[in-house]
Number of protein chains: 2
Amino acid sequence: MDVPREPRWLSEEEMTAWLALASVLIRLPAALDGQLQRDAGISHFEYQVLAGLSMSPERTMRMSELAQLADGSLSRLSHVVSRLEKRGWVRRTPDPANGRYTLAVLTDDGWEKVVATAPGHVEAVRTLVLEPLTRTQIRQLSEIGSRIARAVDPDGDCPTTRFRR
Amino acid sequence: MDVPREPRWLSEEEMTAWLALASVLIRLPAALDGQLQRDAGISHFEYQVLAGLSMSPERTMRMSELAQLADGSLSRLSHVVSRLEKRGWVRRTPDPANGRYTLAVLTDDGWEKVVATAPGHVEAVRTLVLEPLTRTQIRQLSEIGSRIARAVDPDGDCPTTRFRR
DNA sequence: CATGCACGCTTGAAGCGTCAAGTGAAGAGG
DNA sequence: CCTCTTCACTTGACGCTTCAAGCGTGCATG
């Protein structure tokens, strides 16, 4: 899987853009994770799981759906749900309709946790991402982001349509 | 550290931009890591370490400098360099000028590794990030990226000036 | 209705990152 | 000089993610 010798190097302009993005790629997730960890004691992935459940009808989802929604492997989700179960925020039930599915259900405590956690997280996103940008840049970011996302994973849902999965 | 009740929610436009970025944040690093793992059997962090050394005079750097350059903790770097040492790509020496510094030196094999790996990585960056964008968008990305990076870490170097550290 | 297969999920082990404690070298203060 | 502190780094333990193997359920096939 090697690449042609004589690699096409990056121009100054390209390099600048790439370094800027690389910096965001490393630091923004760390900052977001940090906020959740400090203020709520959960990881971003755990938040996504809880938030996903909270927005779902019956606050219930199949493990496999939930894994996709939270962008993680089924195995990872299984481990995480085990932990969330121990903390009393999620419950597992076999799907009565089909025994090989497992349903993850958000408990009342879990709902409380989401309600308590979401505003801080949204605020962090606002502070770190949205507020530094102009409205024009926010629109530009949408376009740039979805182009890159499409290049990375052409079959992946484009983020704006993620919910129709 | 809670946030005012009555959270300011995200507008449609903001939500779209955030979802697009979030998608990139999760998938692009995974794709980049995957390429390096498949084609070279190393992680992105290991690549950064090797590449950092290869671009440094004498192919040598202090551990602490290298840690900053590669955006990781000193502890993490120490563990990684241990592994790279075992693979024969890096050597450690105490700094003759000052015994409490440790110098990491890229071996000839390490140099070969970088030379063999870099083109593929650059190509991946080009394919996944640069080619999907217009020249205008590449410039927009620079500005957007550095604004977010600055919001995340105001004291951090802005990426274009990273090298003068 | 029995057998085999595929699917959804779980589990345990291995690897990596983080955190906190520990080591040894430089320099500061008496 | 000797001691005390600081600094750069290393180390080991713990937690989380990944990977591969295993389990049980439902469906298809005979």
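General observations
- Filtered residue count, the stretch A:70-85, keeping only those that are within 10 Å of DNA strand D (Cβ to nearest atom), more than 14 Å from chain B (Cβ to nearest Cβ), within 20 Å of residue A:54 (Cβ to Cβ) and not small (Gly, Ala, Ser): 3
- The residue of the stretch B:95-133 that is nearest to DNA strand C (Cβ to nearest atom), among those that are of a type in the set (Val, Ile, Thr) and within 9 Å of chain A (Cβ to nearest Cβ), is B:125.
- In summary, residue B:146 fulfils each of the numbered conditions (1) at pLDDT 95 or above; (2) facing chain A (nearest Cβ under 7 Å); (3) over 17 Å from residue B:25 (Cα atoms) with the single exception of condition (3).
- Considering residues of the stretch B:60-94 that are within 15 Å of DNA strand C (Cβ to nearest atom) and in contact (Cβ under 8 Å) with a residue 60 or more places away in the chain only, the residue surrounded by the fewest Cβ atoms within 10 Å (Cβ to Cβ): B:68
- Selection status of residue B:97, under 28 Å from residue A:152 (Cα atoms) and either of a type in the set (Gly, Ala, Ser) or within 16 Å of DNA strand D (Cβ to nearest atom) (or both): no
- Number of the exception - residue B:15 against (1) within 14 Å of chain A (Cβ to nearest Cβ); (2) surrounded by fewer than 20 Cβ atoms within 10 Å (Cβ to Cβ); (3) within 11 Å of DNA strand D (Cβ to nearest atom): (3)
- Search result, residues across the stretch A:95-129 that are exposed (fewer than 13 other Cβ atoms within 10 Å of the Cβ) and closer than 23 Å to residue A:32 by Cβ: A:112, A:115
- Any chance residue A:25 is out of contact with any strand residue (DSSP E or B) (no Cβ under 7 Å at 6 or more places or on another chain), more than 16 Å from DNA strand C (Cβ to nearest atom) and either at pLDDT 95 or above or closer than 30 Å to residue B:151 by Cβ (or both): no
The values are calculated or read from the model by the stated rules, or taken from the named source; none is laboratory data. The structure displayed is predicted, hence computed values, not measured ones. Backbone-built Cβ (ideal geometry, glycine too); neighbour counts: all protein chains shown.
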